[in-house]
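Coordinate-derived values only; no laboratory data. Everything numeric here is computed off the predicted structure, so don't read it as measured data. Positions of Cβ are generated from backbone atoms using ideal geometry, with glycine treated the same way; all protein chains shown enter the neighbour counts.
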Amino acid sequence: NEQTFSYSGGGIAGPIVGTALLTIGSMILALFFGVSAAIYLAEYAKQSPFIHGVRLAILNLAGIPSIVFGLFGFSVFVLAVPIITSTPSDRSLLTIPLLFHDWVISFQGWNSSLMAGCATLACMILPVIITASEESLRSVPQGFRDASLAMGGTRWQTIRKCVLPYSLPGILTSSLLAITRVAGETAPIMFTAAVAAKDDFPWQGQTNPFGILSSQVQALPYHIYTLAARIPNSEYTERAQFGSVLVFLILVALLSAGSMILRAKMRSKLKW
């Protein structure tokens, strides 16, 4: 009988798809909340000790190691985040009954899932996006705002039509930095979303279209970590390690190049 080795067959389509899902999901969350927070800080917030403290806290959060965000995501999103359900889990930390039927608020978390991983990664890159987006919004000349307001535009119309379009290149820059960081992180998803081996894609076997959010996913960085640290070395795993790393580097390089080209085109069209 021929000896078989772990990870001696199959491919890396699953980890690539999982990395893409984690990156897209976390970027949607981070851009929505990050740009919204940046707009408030740059356009609405008055200078005060509280706002200064908020900005300082955001800058400090940007320097926290990713493993800390992973433990935070595990503690909050995997174990303790509240959900409304009629069938609370036995491991629920706290259950609060509601006034209708048998529904309760159960602090039981989302388990290890795509949703928990996306939320954790979004928290990790949120400080970078907020800081860079706020600086980009502030770089738009004040005259643009004054001209719009003088013509009868509201504050929100001024931001939406005159400020945001010209700050998009800077926001794209922060998004580029965030995407490359999210795609290469292992520690946060190790606790919240990643699984070492999975026979199918996350959406296969799901009857509920939102069921993909509650399923675990493979991820290319975690796949590389598993091959390097958790699987006995053999001629098969060595090839898989180097092949996975090469594919990962190519994907990140292509993503970075595409983002830089898009940013350059937008800057050439939005000069003032």
The chain: translational diffusion in µm²/s, Stokes-Einstein, Kirkwood Rh over Cα pairs, 10 °C, 1.306 mPa s: 75
The stretch 19-62 scanned against label point 7 Å out from residue 157 along Cα→C-beta; backbone N under 20 Å for 43-44
Treating only the Cβ atoms of Lys and Arg (+1) and Asp and Glu (-1) as charged, compute the dipole magnitude of the chain about its Cα centre; round to the nearest 20 debye. 1280
Net charge of Cβ neighbours under 14 Å - reference residue 157; Lys, Arg +1; Asp, Glu -1: +2
Compare the peptides 140-152, 212-224, 182-194 by average per-residue count of other Cβ atoms within 10 angstrom and give them in order, highest first. 182-194, 212-224, 140-152
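Per residue of the chain, what 222 nm ellipticity follows from adding -39500 (n - 2.57) for every DSSP H run with n ≥ 4, rounded to the nearest 500?
-18500 deg cm²/dmol
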Net length gained if the chain between residue 95 and residue 198 were fully extended (0.36 nm per residue, minus Cα distance): 33.8 nm
For the chain, longest principal axis from Cα atoms; helix 235-269 axis from its Cα atoms; angle between them, nearest 10 degrees, is 10
Evaluate the distance, in nm, between pseudo-label points positioned 7 Å from the Cα of residue 44 and of residue 57 along their respective Cα→Cβ axes. 1.7
Between helix 13-39 and the chain: long-axis angle, C-alpha atoms, 0 to 90°, nearest 10: 20
Take the alpha-carbon centre of the stretch 113-175, take the same for the stretch 52-73, and report the distance between them in whole Å. 20
Net lengthening on full extension, residue 147/residue 208 (0.36 nm per residue, minus Cα-Cα): 17.0 nm
The helix 114-138 Cα axis meets the longest alpha-carbon principal axis of the chain at an angle in degrees, between 0 and 90 and rounded to 10, of 30
For the pair residue 80 and residue 245, how long in nm is the line joining their label points, each one 7 Å along Cα→Cβ? 3.8
